[in-house]
Structures are given as C-alpha cells and as structure tokens.
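Worksheet for the structure shown next.
The values are calculated or read from the model by the stated rules, or taken from the named source; none is laboratory data. For clarity, every value in this text was computed on a predicted model and none was experimentally measured. When we count neighbours, we look across all protein chains shown, and the Cβ atoms used for this are built from the backbone with ideal geometry, even at glycine. The area values use the complete protein model at the heavy-atom level, side chains included, leaving out ligands, DNA and RNA. Shrake-Rupley method; radii C 1.70, N 1.55, O 1.52, S 1.80 Å.
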Amino acid sequence: PEGCDPSYIAVSPDGKHAYCCLISAGAVVVLDTSKRTISMLQLPEGSQPSALAITPCGTFIYVTDIYYERIYVIRSQTGTIVKTIALIPGSDPQSIVITPDGSLAYVANRGSDEIMAINLSRNEMLTMIDLPEG
C-alpha cells in the first residue's frame, strides 16, 4: 500500500517467500516467489514492525515492534502470532538476527543502547549486553 514505509526484508531459507516489514501499515508483507502473489500478515492494531528474522528451519518469523516494544513470534505456515516477547520500556528494537543453529536471537535496542540475547527454545530473554552510551 502507498505510504506503508517498508523497512526490512528477509527471505525464507528455501527461497519460496520474502517477508517485508511495513512500519506505517502495522503489517508484514509475504511475497510468494514461485506463485508471484502477495499477502499480508496483520499485526496488532498500532504495531510498527521495524525488522524481522526467520529461523534456519523456516518455521518461525521473529518481528520487532518499535511502538509496543515487543517481539512477535509468528508461525510461518499459518501467519499466526504464537508468542509475544515483551521488551524493556524504552528499548526501541531496531534489528534482529538469528544464529545459524537457530538457538539464539540477538536484538539491537537503539533506545537502551544494548543488545538483547533471546533463547529461542523458550522464547525468553537470556541476557542483556550493554553498549557504550550513544
């Protein structure tokens, strides 16, 4: 949609889907690369997805939300949110990456000058890594 403010794109491990965050639309666009179709995963009202990462097996999509300061865990097959991971107020999550073995995710929190490590088997915060201020 016009004015949706696309911010981040990631491709599934099998290359069959590309996912793009739409900050102003509060959604993630799903591009089916073989069928050449587009669909939308609507997030909770008011959400502003800023970044996303896909697990190496392609089962889950982790989407950061800068408005509600949380991470949505979405099952890729159904497009449903299966878990929400709350972040510390003022975090302002800007980026997320998942380790090649799929055990951890690292989230860069611009507002709090830290990197958060998440244990993906439990979908819980593991630790915070403080960065120099600024």
Tell me the carbon and sulfur percent of the accessible area for region 23-134, rounded to whole percent, probe radius 1.4 Å.
52 percent
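Determine the gain in length on full extension of the stretch K83-C57; use 0.36 nm per residue of separation and subtract their C-alpha separation, reporting nm with one decimal. Walk me through the numbers on the way to the answer.
Working: separation 26, 0.36 × 26 = 9.36 nm, distance 1.77 nm.
Net length gain for the segment: 7.6 nm.
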Mind ordering 19-25, 120-126 by average Cβ neighbours within 10 Å, highest first?
19-25, 120-126
Which value in nm describes the separation of the simple spin-label points at S24 and M125, placed 7 Å from the Cα toward the beta carbon?
3.2 nm
Which one is right for this structure if percent of Cα pairs over 27 Å apart is calculated from it: [x] 14; [y] 45; [z] 37?
[x]
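Please calculate how many Å² of accessible area the chain carries per residue, with a 1.4 Å probe and no DNA, RNA or ligand atoms counted. Show your work: numbers first, answer last.
Details: 7210 Å² over 134 residues.
Result: 54 Å² of accessible area for each residue.
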Return the sequence-ordered ³J(HN,Hα) values of region 107-123 in whole Hz as given by the Karplus equation 6.51 cos²θ - 1.76 cosθ + 1.60 applied to θ = phi - 60°, using x for Gly and Pro.
10, 8, 9, 5, x, 9, 6, 8, 10, 9, 9, 10, 7, 7, 6, 10, 6
In debye, nearest 20, what is the charge dipole magnitude of the chain about its Cα centre with +1 on Lys and Arg Cβ and -1 on Asp and Glu Cβ, if you could check?
620 debye
Among G90, M40, P6, pick out the residue whose Cα is farthest towards the positive end of the charge dipole of region 1-129, where Lys and Arg carry +1 and Asp and Glu carry -1 on C-beta, about the Cα centre.
M40
